[in-house]
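What follows is one structure encoded as structure tokens, with my remarks underneath.
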Amino acid sequence: MDRISLKYGSKTLRIESRAQVLTTDSPQDLPDPIEEIRRALSHPIASPALAEIVSPGARVVIVTSDITRYTCSEIYLPILVEELNRCGIPDQDIEIVIALGIHRKQTAEEHQKILGSIYGRIAAYDHECDDPEQLIELGQTSSGLPVQINRRVMTADRIIVTGTIGLHYFAGFGGGRKSLVPGVASRTTCMATHFAIFNPPEQGGRNTKARTANLDGNPVHQAILEAAQMIKPDFLLNTVLTTDKQIAKVFCGELEQAHLAGCELAQTLYTTTLDQLADLAIVSCGGHPKDINFIQAHKALDYGVQAIRQGGTVILLAACPDGFGNATFFDWFRYEELDVFEKALRSRYEINGQTAWSTLSKARTWRIILISEFNREQTEKMGMEKANHLDEALQMAYKQLPENPEIVVIPDGGTILPVIRQ
């Protein structure tokens, strides 16, 4: 028996099991994070260095992720500001915009975690997706998608995009263009880009290319990238982190090319192969902030089900202290039939509705036992079964498993994608 640790919010739970543990191999020799950030800044991909882009008198806006995505921003933002200072840009000409997308505003404590040592020194602002006074119209993409972007970002002389590159369950990978769209876009723009996940109405269902770790022909990626390029960002800084949140490598340079380079490493770090589908997957999101709310925790569920056969069982550990993550998310579960749900979503699309539809789709394909702070009624409304603790979840699972079941444990489900070996 092996003793396996699983994170649940800020806690660590432990089980004893002979199950296969799905992890990825972190690089053996990790770089010094500060030296690696400076190296990437001085060797940008398909772009001049910052010193050739910015000049004294320019107003610079740095876009960075909110608290739901750990990026090592508290390390790279102070170094980035230091580099801008060296280039002749004083603190008062630098602003930071937190790319909330349609997420809630950040608290002062969360701002401090994001900004690190430059908190209180560099002005920081939360993006406002619903305030027309804070948005600028940029027109439409080639597919007719409306693009409305944060005014503070668009009126800056120079725009620097930062974040981290990880897996994304329908945009392929996070980071890069996503920090701008949906990061600093209007709600309307966010909805329009994400709607690309669906096939045309006459075909129905989800576009199979809008999936995790795929950019080739991915309609969501293509929509987001074209919209982000209309903003004309000047420079990108993206981290790729190990599963234990250390910097593996930093990528700087042009928005698309530097991001693609980072995606290659992310694909290697975040995918793991197995020989056959399992009967049971025990999945932890990876703890806070990956299970801060259910919308974030859903990513681990989306990755985890790819390790088990249809009709198999998932035990999902997702504390969700912030609840669902959006006020309208839970309302969508009034639609209990998937075809009716999809029709309603197409007629009045919401990103949170799409996540709810995706959740219910999984609950109708696999048996999902959820350990969380939600009550039984809320859990069952989402199509899942409530367990109060891990031992109870395991007892529930074993009642419907075959004899000698194949079991996998995924300690960092919000990061790792299981892939069946061809």
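A single member of Arg86, Arg69, Arg59, Arg39 is touching a Pro at 6+ places or on another chain (Cβ under 9 Å), modelled with pLDDT of 95 or more and among the basic types (Lys, Arg), and it is Arg39. Selection of first residues in the stretch 216-229 that are within 15 Å of Gly175 (Cβ to Cβ) and assigned by TED's automatic domain parsing to the domain that holds Leu180 and of second residues that are among the small types (Gly, Ala, Ser) and in a helix (DSSP H, G or I), restricted to Cβ pairs under 6 Å at least 6 apart or on distinct chains, gives the following pairs, ordered by first then second residue: Val220/Ala196. Please determine whether any residue of the stretch 298-307 is assigned to a loop (DSSP other than H, G, I, E, B), within 14 Å of the chain's Cα centre (by Cα) and closer than 22 Å to Phe170 by Cβ. No, the stretch 298-307 contains no residue that is assigned to a loop (DSSP other than H, G, I, E, B), within 14 Å of the chain's Cα centre (by Cα) and closer than 22 Å to Phe170 by Cβ. Residues that are closer than 22 Å to Leu265 by Cα and either touching a Cys at 6+ places or on another chain (Cβ under 9 Å) or free of Cβ contacts under 8 Å to residues at least 24 places away in the same chain (or both) were ranked within the stretch 156-190; the one that is surrounded by the fewest Cβ atoms within 10 Å (Cβ to Cβ) is Gly172. Taking the stretch 29-142 and the helices (runs of 4 or more DSSP H) fully enclosed by it, the elements with 3 or more residues that are surrounded by fewer than 20 Cβ atoms within 10 Å (Cβ to Cβ) and over 25 Å from the mean Cα position of the chain (by Cα) are at 33-42, 50-53, 73-86. For the stretch 273-325, the set of residues classified as polar (S, T, N, Q) and surrounded by fewer than 24 Cβ atoms within 10 Å (Cβ to Cβ) consists of Thr273, Gln276, Asn293, Gln296, Gln306, Gln310, listed by residue number. Here is the figure for the stretch 90-126: residues that are free of Cβ contacts under 8 Å to residues at least 12 places away in the same chain, under 25 Å from Thr328 (Cβ atoms) and either outside the structural domain of Ser55 (by TED's automatic domain parsing) or among the aliphatic types (A, V, I, L, M) (or both) total 0. Being part of a loop (DSSP other than H, G, I, E, B), at negative phi and of a type in the set (A, V, I, L, M, F, W, C) is a property that holds for Ala327.
The values are calculated or read from the model by the stated rules, or taken from the named source; none is laboratory data. Keep in mind that this is a model prediction, so the values were computed, not measured. Here Cβ is always computed from backbone atoms with ideal geometry, including for glycine, and neighbour counts include all displayed protein chains.
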